[in-house]
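For reference, the structure discussed in these notes is given below.
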Amino acid sequence: MRVYLPATIDMLKKATADGRFTPVSGTGFALTPALRESYTSGSTEELEYVALTDAARASLRLLGAEDEGALPRRVVVSVDVDEATPRPDLDPAVVRLPGAVELDAIAAVHVDTEEAEDAVRAAAAVIDAADLGDEDAEFALGDAEDHELAWYAPQELPFLLELL
């Protein structure tokens, strides 16, 4: 199953040093039966994009909890795993992994570009308010989500981190 794991740049650095990626609370997002049922139509690719977008939004929450000096870029780590337990009680796309994921399970890494940093910083500061319906916060979140995440192959990860 392809699972999208929210992350930060600091988490990527730790993963490359440790040789494995540990998702926060084992939480990821995937094309689950509940997610498929919540849409009247959509291809597998379109619904996987929904799960990736949910993971990118969760990355904003992780950024909001980091130090102010952290690089403000959303990060999503795409992994292929055999074990992932759907948690439709939390959200249709949420899954739990039993533990850390070895780096060789990473299929891709998705990261904001430098141009998105201001919008991501602003969205991370108001993500909770957006969830509660604050229109200004929703607008800031939309500004961040207007930026597409750049795609990196797993073997590019060390070079990406070196350049940041």
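The values are calculated or read from the model by the stated rules, or taken from the named source; none is laboratory data. The model shown is predicted, which means the values in this text are computed figures rather than measured ones. No Cβ is skipped: glycine too gets one built from the backbone with ideal geometry, and neighbour counts run over all protein chains shown. Note: accessible area is taken over every heavy atom of the protein model, side chains too, but ligands, DNA and RNA are not part of it. Shrake-Rupley method; radii C 1.70, N 1.55, O 1.52, S 1.80 Å.
A few remarks follow.
- Residue match in the range 9-18 (condition: touching a helix residue (DSSP H, G or I) at 6+ places or on another chain (Cβ under 7 Å) and assigned to a loop (DSSP other than H, G, I, E, B)): no
- Unique match (being hydroxyl-bearing (Ser, Thr, Tyr), within 22 Å of residue 159 (Cα to Cα), in contact (Cβ under 8 Å) with a residue 12 or more places away in the chain and part of a strand (DSSP E or B)) among 59, 78: 78
- Filtered residues of the range 9-18 (kept if open to solvent by 20 Å² or more (accessible area, probe 1.4 Å) and either in contact with a strand residue (DSSP E or B) (Cβ under 7 Å, 6 or more places away or on another chain) or among the aliphatic types (A, V, I, L, M) (or both)): 11, 17
- The condition of being assigned to a loop (DSSP other than H, G, I, E, B), surrounded by fewer than 19 Cβ atoms within 10 Å (Cβ to Cβ) and β-branched (Val, Ile, Thr) holds for only one of 40, 53, that being 40.
- Residues that are among the charged types (D, E, K, R), within 16 Å of the chain's Cα centre (by Cα) and either surrounded by fewer than 16 Cβ atoms within 10 Å (Cβ to Cβ) or farther than 23 Å from residue 112 by Cβ (or both), drawn from the range 62-99: 66, 80, 96
- Summed over the range 122-156, residues that are within 15 Å of the chain's Cα centre (by Cα), in a helix (DSSP H, G or I) and among the acidic types (Asp, Glu) total 1.
- Filtered by the rule that a residue be of a type in the set (A, V, I, L, M) and open to solvent by less than 90 Å² (accessible area, probe 1.4 Å), the range 127-148 gives 127, 129, 130, 137, 140, 141, 144.
- Qualifying residue in the range 149-164 (condition: farther than 30 Å from residue 102 by Cβ and either without any contact (Cβ under 8 Å) to a residue 24 or more places away in the chain or surrounded by fewer than 16 Cβ atoms within 10 Å (Cβ to Cβ) (or both)): no
- Of the residues making up the range 84-121, those that are part of a loop (DSSP other than H, G, I, E, B) and in contact with a Leu (Cβ under 7 Å, 6 or more places away or on another chain) number 4.
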